[in-house]
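Report on the structure given below.
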Amino acid sequence: MSFFDDLSARIDDADSVVSVGLDADPDRIPEFLDDHDLPRWAFNRRIIDATHEHAACYKPNAAFYEDADGWRALRETVAYAHGKGVPVLLDAKRGDIGNTARQYAQVLDEVDAITVNPYMGGDSLQPFLAEADAGVFVLCRTSNPGGADLQDLELDSGEPLYERVAALADTWNEHGNVGLVVGATAPEELEEIRETVPDIPFLVPGVGAQGGDAEAAVEHGLAAREGASVDVGLVNSSRGIIFAGEEVGRNTVSGASGGRAPDEDAYFAAAGDAAARLKKRLNQYR
Ligand SMILES: O=c1ccn([C@@H]2O[C@H](COP(=O)(O)O)[C@@H](O)[C@H]2O)c(=O)[nH]1
């Protein structure tokens, strides 16, 4: 089954387009997990337990796992998410010459989808695009403030560069496995890009901690796909969900030793609540 078929089934089952970003920042993993062999994995397991019923997808960002323990933590996390029936999109923003890209693309044996950077052109993305069952999300108009520096540049044709990327992505979509990354912090661009590519699902980051426009994310981020009972696309929040427990974690309970220990259950329940709230908010616009 293709990634977008799986994703549409998952969106239908969970009644959710929420992508839960697993950006397991070692500096923010709660201290009560310090003794664990792999604290990032222990953290993700509890986050997945708390959020999976609201998750259309999990999106670990590779940046938080690029060390020996990190790769182990990521592998366990991916297997656990799959065990809960939730697809995994690795946010790795890959893109390199073909020989190197072929190596990078092997990660698609383990995860269901990936983000890629189109700056090096179509040939750099071919090894990913050739994996017909995997989702390949091409960076188009990113959510960061500097996203405009290059992506908004006007070409001789008068179109901005992000529009050219969207049009090219359409031509790269031979297997129907291409998505676009368009930030919720750029609602006008979201609308414009949706007009250019009516059928391509978007991954829309930038709601939550970056303060993007949730309504525009849903209105323009989702695409109707042939044979799918729901419109398909993903709206991601990472820190706003997985670290929601930092607030309640500040309210501590007495530990057995007489010291003060965080209420672990409340910490992770807060992540579940944050995912449920985002799902409900996004569903208002679906
Ligand atoms: O344009 C982009 C592309 C990717 N991201 C990634 O999404 C998450 C957002 O995290 P929040 O905590 O919800 O802000 C993170 O992994 C980014 O690297 C993005 O934000 N914008």
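Search region 46-63 for residues that are closer than 16 Å to Asn283 by Cβ and pair each with any residue that is more than 9 Å from the ligand (Cβ to nearest atom) and polar (S, T, N, Q) when their beta-carbon atoms are under 7 Å apart and the residues are at least 6 apart or on different chains.
Listed by first residue and then by second, the contacts come to His54/Ser16; Ala55/Ser16; Ala56/Ser16.
Hey, among the residues in region 229-243 that are near the ligand (Cβ under 6 Å from one of its atoms) and of a type in the set (S, T, N, Q), which one's nearest to Ala63 (Cα to Cα)?
Within region 229-243, the subset near the ligand (Cβ under 6 Å from one of its atoms) is 236-240.
Retained after the next criterion (residues that are of a type in the set (S, T, N, Q)): 236-238.
Working: Asn236: 16, Ser237: 16, Ser238: 13 Å.
Per the stated criteria, the residue is Ser238.
Go through region 203-223 and count every residue that is within 12 Å of the ligand (Cβ to nearest atom) and either in a loop (DSSP other than H, G, I, E, B) or among the basic types (Lys, Arg) (or both).
8
I need the full set of residues from region 160-189 which are small (Gly, Ala, Ser), more than 11 Å from the ligand (Cβ to nearest atom) and without any contact (Cβ under 8 Å) to a residue 60 or more places away in the chain, in order please. Outline the logic, then answer.
Taking region 160-189 as the starting set, the residues that turn out to be small (Gly, Ala, Ser) are 166-167, 169, 176, 179, 183-184, 186.
Pick out the ones that are also more than 11 Å from the ligand (Cβ to nearest atom) and you get 166-167, 169, 176, 179.
Ala166, Ala167, Ala169 - these are the residues of region 160-189 that are small (Gly, Ala, Ser), more than 11 Å from the ligand (Cβ to nearest atom) and without any contact (Cβ under 8 Å) to a residue 60 or more places away in the chain.
Please count how many residues of region 90-106 are more than 16 Å from the ligand (Cβ to nearest atom) and either at positive phi or not small (Gly, Ala, Ser) (or both). Spell out how you get there, then give the answer.
Residues of region 90-106 that are more than 16 Å from the ligand (Cβ to nearest atom), as a first pass: 96-106.
Those still in the list that are either at positive phi or not small (Gly, Ala, Ser) (or both) too: 96-97, 99-100, 102-104, 106.
The qualifying residues number 8.
Looking at Asp152, Asp156, Asp231, Asp213, which one is at pLDDT 95 or above, of a type in the set (Asp, Glu) and in contact with a Leu (Cβ under 6 Å, 6 or more places away or on another chain)? Don't jump to the end; show me each part of the working.
On the way: Asp152 fails: in contact with a Leu (Cβ under 6 Å, 6 or more places away or on another chain); Asp156 fails: in contact with a Leu (Cβ under 6 Å, 6 or more places away or on another chain); Asp213 fails: in contact with a Leu (Cβ under 6 Å, 6 or more places away or on another chain).
Within the list Asp152, Asp156, Asp231, Asp213, the selection yields Asp231.
Search region 119-159 for residues being closer than 28 Å to Ala209 by Cβ and of a type in the set (Gly, Ala, Ser), and hand back the single one that is nearest to the ligand (Cβ to nearest atom). If you could, list the steps in order and put the result at the bottom.
Initial filter on region 119-159 (closer than 28 Å to Ala209 by Cβ): 119, 128, 134-153.
Still in the list and also of a type in the set (Gly, Ala, Ser): 134-135, 143, 146-148.
On the way: Ala134: 18, Gly135: 15, Ser143: 4, Gly146: 10, Gly147: 6, Ala148: 12 Å.
Per the criteria, the residue is Ser143.
Regarding region 66-88, can at least one residue be identified that is within 14 Å of the ligand (Cβ to nearest atom), in contact (Cβ under 8 Å) with a residue 24 or more places away in the chain, of a type outside the set (Ser, Thr, Tyr) and within 26 Å of Ala214 (Cβ to Cβ)?
Among the residues of region 66-88, at least one is within 14 Å of the ligand (Cβ to nearest atom), in contact (Cβ under 8 Å) with a residue 24 or more places away in the chain, of a type outside the set (Ser, Thr, Tyr) and within 26 Å of Ala214 (Cβ to Cβ), which makes the answer yes.
Name the residues in region 66-123 that are in contact with a Lys or Arg (Cβ under 7 Å, 6 or more places away or on another chain) and hydroxyl-bearing (Ser, Thr, Tyr), would you?
Residues satisfying the conditions are Tyr80, Tyr104, Thr115.
Does any residue of region 18-27 turn out to be of a type in the set (D, E, K, R), touching a residue at least 60 places away in the same chain (Cβ under 8 Å), touching an Asp or Glu at 6+ places or on another chain (Cβ under 8 Å) and within 15 Å of the ligand (Cβ to nearest atom)?
Within region 18-27, none of the residues are of a type in the set (D, E, K, R), touching a residue at least 60 places away in the same chain (Cβ under 8 Å), touching an Asp or Glu at 6+ places or on another chain (Cβ under 8 Å) and within 15 Å of the ligand (Cβ to nearest atom).
Search region 124-152 for residues that are within 13 Å of Ala105 (Cα to Cα) and pair each with any residue that is part of a loop (DSSP other than H, G, I, E, B) when their beta-carbon atoms are under 6 Å apart and the residues are at least 6 apart or on different chains.
Pairs found: Ser124/Gly95; Ser124/Asp96; Leu129/Trp172; Ala132/His175; Ala132/Asn177; Asp133/Ser2; Gly135/Asn177; Val136/Asn177.
Taking Arg72, is it farther than 15 Å from Phe243 by Cα and not polar (S, T, N, Q)?
Numbers: farther than 15 Å from Phe243 by Cα: yes; not polar (S, T, N, Q): yes.
Criteria met by Arg72.
The values are calculated or read from the model by the stated rules, or taken from the named source; none is laboratory data. This is a predicted model, so every value here is computed, not measured. Every residue, glycine as well, gets a Cβ built from its backbone with ideal geometry; the counts of neighbours run over all protein chains shown.
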